[in-house]
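Notes to accompany the following structure.
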Amino acid sequence: MKEDVAFSEYFNKAPDTDRIHYWDLHPQLCIGFSSGSDQRIKMRGDSITVRKLLNKKVNRNEIEKNISFIFLYKSMKTKLDIKMPIFLDNMNFVNLYSLMVSEGSYRTEFRLHVPERIFHDIFSKSLEGLFGEGMKRHISRKMDKGVMRSNAPRAVRYFIPITNHIPKIILKNKEYCRKYLQIAFEAEGSPIFSGTKRYISLKRNVDVTKVVKNNIKYSEGKRIYFGQLKDDYPELASTIKKIPSPTLMGEHLILKHHFNIASTLKPELIRINKTAHRCGKISVRWSLYIYADSVNRFIKEIGFLTKRKKDIAIRMSKIAGYRGQYFALGLMRELQKDGILKTSDFVSEMKSYSYKSPRAYIWRYMKRGLLKRIGRGEYRLLVS
């Protein structure tokens, strides 16, 4: 199936790291040994920088077994007992990865600044799970502008790789994926239930600065919705539509591959930011939407963490999935590529929403003059 091929392609490009060795760390980080200086290393004192250790002609794996601590700061006054390597194939890493890619700061520090206490608890417990109970005294919590902030030592960021592309160790494990999605949707997702509206969304930004190259004339800080971008810069819009957030694409594929939850992806808006921090100078916000029967599947298979979102989900699950009169037509718009809709793509997607006779919609819209056949299994929409 198309979804399986897309998942395989994404999986093959995913980072394959399942542990962090001392040689993966920052070259200036200082590490030490349980019995003082290791005679094979011939060092002064009880610690040595990663850079100097890598210059020694020693068996790396043998030396790694004897590492017992790291200095967390340049002052070399604060030690953290540690055993190397750090193994990532566990739920502690999954929790931290999902949390940090959604809400955390990890490029020059390792901290969390959000109001939800549950995230701070996940942050602390997962770090302790990876590094041991000794990490607990190195994690600080305080209020910053009325919002809780948790800080771990900056050195921690070298031990926990946070990449935009979801790692293989998460992708291949259904239970890891379940927990990953639960945290991600709690942090960045929204269950929408108002009147006839009933869906779940997840939004993420992607940096497109290099693609745009400042060739758009919009005010800094202003949000430009994708429909306007298509009118003003059609070629650029077409290019951007092929560059989704790699994290959101992974989440879209995980939902379908592991849980048979159909979702749609679409670029929502573009923005020229005041700084290049986090989202890049020019960013596009992409949105993932879960509709109809897939909403119930999500609630059953994934769900939320906080009482507020759980209560909304309970109310949503009691109402049958609602689809607009032209739901199928909207799906056709999303699935067409270069103005061409393939029957196989449409049928596959409609069946994921539990439609039993998707081809009937093709004939129906042809009779209404909304769709035209241009070849075997290929159609063109006659409405925008």
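What follows is calculated from the coordinates using simple rules that are stated; it is not laboratory data. Just so it is clear, the structure is predicted and the values come from calculations on it, not from any experiment. Cβ atoms come from the backbone with ideal geometry, glycine included; neighbour counts cover every protein chain shown.
Taking loop as defined by DSSP and a crowding limit of 13 other beta carbons within 10 Å, which chymotrypsin sites (Phe, Trp or Tyr not before Pro) in the stretch 327-357 fit? Can you show the working numbers first?
Details: sites: Phe327, Phe346, Tyr353, Tyr355; in loops: Tyr353, Tyr355.
Sparse-neighbourhood loop chymotrypsin sites (Phe, Trp or Tyr not before Pro): none present.
How high is the relative contact order of the stretch 150-224, given as a whole-number percent (alpha carbon pairs under 8 Å, six or more residues apart)?
13
If you take the beta carbon distance between Leu54 and Thr17 as r and set R0 to 22 Å, what does 1/(1 + (r/R0)^6) give as a FRET efficiency, to the nearest 0.05?
Between Leu54 and Thr17 the formula returns 0.75.
Can you give me the C-alpha center-to-center distance between the stretch 119-167 and the stretch 330-368, rounded to a whole angstrom?
Taking the Cα centre of each part, the stretch 119-167 and the stretch 330-368 sit 46 Å apart.
With a cut-off of 8 Å between alpha carbons and a minimum separation of six or more residues, what is the relative contact order of the chain in percent?
For the chain, the relative contact order is 13 percent.
With the dipole of the chain worked out from charges on the C-beta (+1 for Lys and Arg, -1 for Asp and Glu) around the Cα centre, which of Ile169, Ile282, Tyr225 lies farthest toward the positive end?
So the residue furthest toward the plus end is Tyr225.
Give me the dipole magnitude in Debye, nearest 20, for the stretch 218-356 about the Cα centre, with unit charges on the beta carbon: positive for Lys and Arg, negative for Asp and Glu.
Roughly 580 debye for the stretch 218-356.
Extending each Cα 7 Å along its Cβ direction at Lys274 and Lys213, get the distance between those two points in nm, one decimal.
Placing both labels 7 Å beyond Cα along the Cβ direction yields 2.9 nm.
Given Lys65/Lys125; Lys179/Lys318; Lys203/Lys318; Lys57/Lys168; Lys210/Lys274; Lys125/Lys310, which pairs have Cα atoms separated by over 28 Å? Display every interim value, and only then the final one.
Values: Lys65/Lys125 25 Å; Lys179/Lys318 24 Å; Lys203/Lys318 25 Å; Lys57/Lys168 32 Å; Lys210/Lys274 16 Å; Lys125/Lys310 23 Å.
The pairs that break the limit, which is 28 Å between Cα atoms, are Lys57/Lys168.
From the residues Ile118, Tyr365, Ile86, which one has its Cα farthest along the dipole of the chain in the positive direction, the dipole being from +1 and -1 charges on Cβ of Lys/Arg and Asp/Glu about the Cα centre?
Tyr365
Return the label of the correct value of Cα Rg over 2.2 N^0.38 Å, as calculated from the structure shown, out of [x] 1.03; [y] 1.08; [z] 1.17.
[z]
Scan the stretch 103-171 for chymotrypsin sites (Phe, Trp or Tyr not before Pro) in coil per DSSP, keeping those whose Cβ has at most 13 other Cβ atoms within 10 Å, and list them by number.
none
Taking +1 at the Cβ of each Lys and Arg and -1 at the Cβ of each Asp and Glu, which of Ser317, Asn12, Ser98 sits farthest along the dipole of the chain towards its positive end, judged by Cα position relative to the Cα centre?
Highest projection toward the positive end goes to Ser317.
Run the reach check for Lys337 against lysines, Cα to Cα strictly under 18 Å, same-chain hits fewer than 8 apart removed. What comes back?
Of all the lysines, those that pass the test against Lys337 - Cα under 18 Å, at least 8 places apart if same chain - are Lys2, Lys230, Lys241, Lys242, Lys266, Lys372.
Full-extension gain between Lys337 and Glu109, please, as 0.36 nm times their residue separation minus the C-alpha to C-alpha distance.
77.9 nm
Pop the C-beta distance of Ile314 and Arg137 into the FRET formula with R0 = 41 Å and round what comes out to the nearest 0.05.
Values: r = 40 Å, r/R0 = 0.96.
Approximately 0.55, to the nearest 0.05.
Given charges of +1 on the Cβ of Lys and Arg and -1 on the Cβ of Asp and Glu, with all other atoms neutral, how large is the dipole of the stretch 88-216 about its Cα centre, in debye to the nearest 20?
Magnitude of the dipole: close to 260 debye.
Given Cβ point charges of +1 (Lys, Arg) and -1 (Asp, Glu) and nothing else, what value in debye, to the nearest 20, does the dipole of the stretch 327-381 about its Cα centre take?
The calculation lands at about 300 debye.
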